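What follows is a set of notes on a single structure, which appears directly below.
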Amino acid sequence: MSNLVTFTTSGTVQAQDGTYLTRAADEELFQLCRQGEYAYILTSRQMGKSSLMVATAERLQGEGIQTAIVDLQRLGAQTTDANSWYLGVLTVLARKLRILPQLMSWWEENAGLGAAQRFLQFIEDLVLPLVETRLVVFIDEIDSTLSLDFTDDFFIALRYCFTARAENPDFRKLSFVLIGVATPSELIRDQKRTPFNIGTLVELRDFDETEALPLAAGLGLPEGEAQQVLRWVLAWTGGHPYLTQRVCGAVLQRANQGWDEAAVAALIGQLFFGEQREQDNNLQFVQSMLTGRAPEADVLGVLGTYREIRRDRRAVYDEDHSILKAHLKLSGVVKRVGSVLHVRNGIYWEVFGLGWVKAQWPEGWWQRLKPAMPLIGGLTAVALGLGTLSVYALEQRNEARTQATRAEDALTEAEVERQNALEAQTEAEKQAADAEVAREAAEDRRLEAEVAEQDAEDAKQDADEQRLAAEAAQESESEQRLRAEEGEEEAKRQSELARDQTRIAEENVIAAQAATTVAREQTQIAFGRQLAAQAVWLQQQRLNLLPQSILLAIEAATRLQGYAISTADANQALHALKLLPPEVARIFHEETVTDMRFSPDGRYLATGSRDGTVRVLNIKNNQEVARLSHEENVTDVRFSPDGRYLAIRSAGDTAQVWDIESNQEVIRISHEGNVTDMSFSPNGRYLATGSTDDTARVWDIESNQEGKCPRVYPGLIARIVVDGTSAS
């Protein structure tokens, strides 16, 4: 059976190659974005957040709504100053709207403003005027702001963009979707100014059997058997996107074996239990959330609450304002069914059992049991003193152990009660704050009522005056009516004239701004050309002024950088000074060029860049013949020996092969780890790739089929034979 689905366990964890699994959240988020509402998706990792974001953005673009995706992780872990961070966010928007040069100049001209104020002002001055219908900005990996100390202002700025709609209708064209692994209370401390109380939470649930059914087509089994195997898989994973895909991928790799419920259970054990639990990044994430990222370092409270849920002795109800229970849901280990919290699936039930909880319990906690231990210590001393263990002593020791166990349970319950008390205190403080807000609102309404009362009194006096005036004007009513009509006509004429003058003034302002920009550019260009001409003149005078001529030529090249029309003048000066060889061709990328290769016949030059593109240039006529796109930073490009194909490798887990003549992708090869190297066979028919996942893969380009290749284990030297050649 053909494999219609590609399972992936990194990046977007939805099914690929045309099989996107939709959930209720897809339609909910799409409708919110269409209506210009704010939304946020805050849930555990590997739940399909990125897949939902990309799918929604594509649907919105299909309806003519502009979208922009800002991945905060791409700003870099070293971007810790506010100016660079805000500029990085705006750079994504500016590139999407094709106003990146304007951003750079505007940012420098407004350096006197604070970073958050510049962020808002740029949106209002330059972004909103360019948005024709609506712009939805998706901000992904929002939890990367947890390590920064200035992002409270960022979330307050997002809230301002919403509240500013009342004064500036243009802000209605802009909305945000925040996506990440964090709770609102972790992201911003000031809950009165948080954007999360004006947006809608979109909840991502696990796949049910109907939603996951398309995955059966990728298991490599007959249809009926594939659907039954998928049911057994879901019984363990509960429809968790990552866990389900990983198990399905393992089933596909063993498609030739017979499958029953026991075989699926054995496969689950091989993947997730025992030593394998330490190798799975999802299980490691859940464990780190339970023990390393507990709110306010309250590991005991998190483990105690989870222990009550895992014991399943009594119902543990979810509470909207409980920080601990929100954290447990965010870790992914539990889910809400109705109003009760349960362990999320069978895999988590086995991996994070009561034994695991006890092993993770903070060591200092046992010191709290000392008041309950004297009985145990006393009985032990008596037993040692007598030198024998009588039946009575054994009974007393067992009783002591029972009491110690009860003491442990009592202490756990006391800790849970303490946590409930803290949550009740937090709720009381919140209610007090809400009451203060309500009191202030009531005071505002009282003042508004007084103003309204005064306005009513003034209106009454005006009415009396108008009545008296009307009585006095009855004698000349016809004359006054005529004058009123004439005044109305004059007012209309003056209004139309004022509108025309306003429009002309606005056009003049825009024209003046454009002229100012052009003038500045022309001044810069003229000065650069003057420097270039002076450099050539000094060289021609033969006055031993070569150093000055070189400096002038370099200064000219620096000032003219970015002006493609005039850069030739500076280059001409540099060529005249023999500082540059004759230039044959030039290729521009938006970011750093990471690799370049000539084709075997020397006709083409391919360049790869961190901007995710590869460009192929015909050297003879300086014409671009192909532009290839890649999802991540390109690190390596290779021509096939016949020059027909071009292989592309990135810092991620995929490699691509493109047909240069048709400018189309013909093969995509995916690994579970980063691709580290790739090589064509001498006849150009095969491509071999190596990866950090300890595998090498060989692909037949003509048939688009993967060849057999042994797994490469750490410490083992492997040799792969491809078309008569070998690679070790």
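Things to note:
- Some residue of the stretch 193-200 being among the aliphatic types (A, V, I, L, M), at pLDDT below 85 and farther than 24 Å from residue 285 by Cα: yes
- Members of the stretch 246-278 that are among the polar types (S, T, N, Q) and either open to solvent by less than 60 Å² (accessible area, probe 1.4 Å) or not in a loop (DSSP other than H, G, I, E, B) (or both): 253, 270, 276
- Output for the stretch 615-648, where each listed residue is without any contact (Cβ under 8 Å) to a residue 40 or more places away in the chain and of a type in the set (Val, Ile, Thr): 619, 625
- Search result, residues across the stretch 683-695 that are under 13 Å from residue 638 (Cβ atoms) and either part of a loop (DSSP other than H, G, I, E, B) or open to solvent by 20 Å² or more (accessible area, probe 1.4 Å) (or both): 684, 686, 688
- Scanning the stretch 107-151 for residues that are within 18 Å of the chain's Cα centre (by Cα) and outside any loop (DSSP other than H, G, I, E, B) turns up 135, 136, 137, 138, 139, 140, 142, 143, 144, 145, 146, 147.
- Residues being at pLDDT 85 or above, open to solvent by 30 Å² or more (accessible area, probe 1.4 Å) and not in a loop (DSSP other than H, G, I, E, B) - total across the stretch 625-657: 3
- Residue list for the stretch 547-557, restricted to those being among the β-branched types (Val, Ile, Thr) and either under 15 Å from residue 522 (Cα atoms) or open to solvent by less than 70 Å² (accessible area, probe 1.4 Å) (or both): 550
- In the stretch 57-66 there is no residue that is in a helix (DSSP H, G or I), modelled with pLDDT under 90, in contact with a strand residue (DSSP E or B) (Cβ under 8 Å, 6 or more places away or on another chain) and surrounded by 14 or more Cβ atoms within 10 Å (Cβ to Cβ).
- Those residues of the stretch 332-350 which are among the hydroxyl-bearing types (Ser, Thr, Tyr) and either under 25 Å from residue 267 (Cβ atoms) or part of a strand (DSSP E or B) (or both), in sequence order: 348
- The residues on offer are 323, 309, and the sole one that is closer than 22 Å to residue 181 by Cβ and more than 28 Å from the chain's Cα centre (by Cα) is 309.
- Check on residue 300, surrounded by 22 or more Cβ atoms within 10 Å (Cβ to Cβ) and either within 21 Å of residue 361 (Cα to Cα) or not small (Gly, Ala, Ser) (or both): no
- Members of the stretch 231-245 that are at pLDDT 90 or above, assigned to a helix (DSSP H, G or I) and not β-branched (Val, Ile, Thr): 231, 232, 234, 235, 236, 243
- Which listed residue, of 135, 130, 97, 120, is within 21 Å of residue 171 (Cα to Cα), open to solvent by 60 Å² or more (accessible area, probe 1.4 Å) and either touching a His at 6+ places or on another chain (Cβ under 6 Å) or of a type in the set (A, V, I, L, M, F, W, C) (or both): 130
- Residue match in the stretch 696-712 (condition: modelled with pLDDT of 75 or more, crowded, with 19+ Cβ neighbours inside 10 Å, more than 17 Å from residue 676 (Cα to Cα) and in contact with a strand residue (DSSP E or B) (Cβ under 9 Å, 6 or more places away or on another chain)): yes
- Pairing each residue of the stretch 662-677 that is open to solvent by 70 Å² or more (accessible area, probe 1.4 Å) with any residue that is in a loop (DSSP other than H, G, I, E, B) and among the aliphatic types (A, V, I, L, M), provided the two are 6+ apart or on different chains, yields C-beta distances under 7 Å for 674/651.
- Checking every residue in the stretch 280-289 against the condition of being at pLDDT below 90, small (Gly, Ala, Ser) and touching an Asp or Glu at 6+ places or on another chain (Cβ under 7 Å) gives zero matches.
The values are calculated or read from the model by the stated rules, or taken from the named source; none is laboratory data. Not measured: the values here are computed from a predicted model. Here the Cβ is made from the backbone with ideal geometry for all residues, glycine too, and neighbour counts use every protein chain on show. These accessible areas exclude ligands, DNA and RNA; they are computed on the full protein's heavy atoms, side chains included. Shrake-Rupley method; radii C 1.70, N 1.55, O 1.52, S 1.80 Å.
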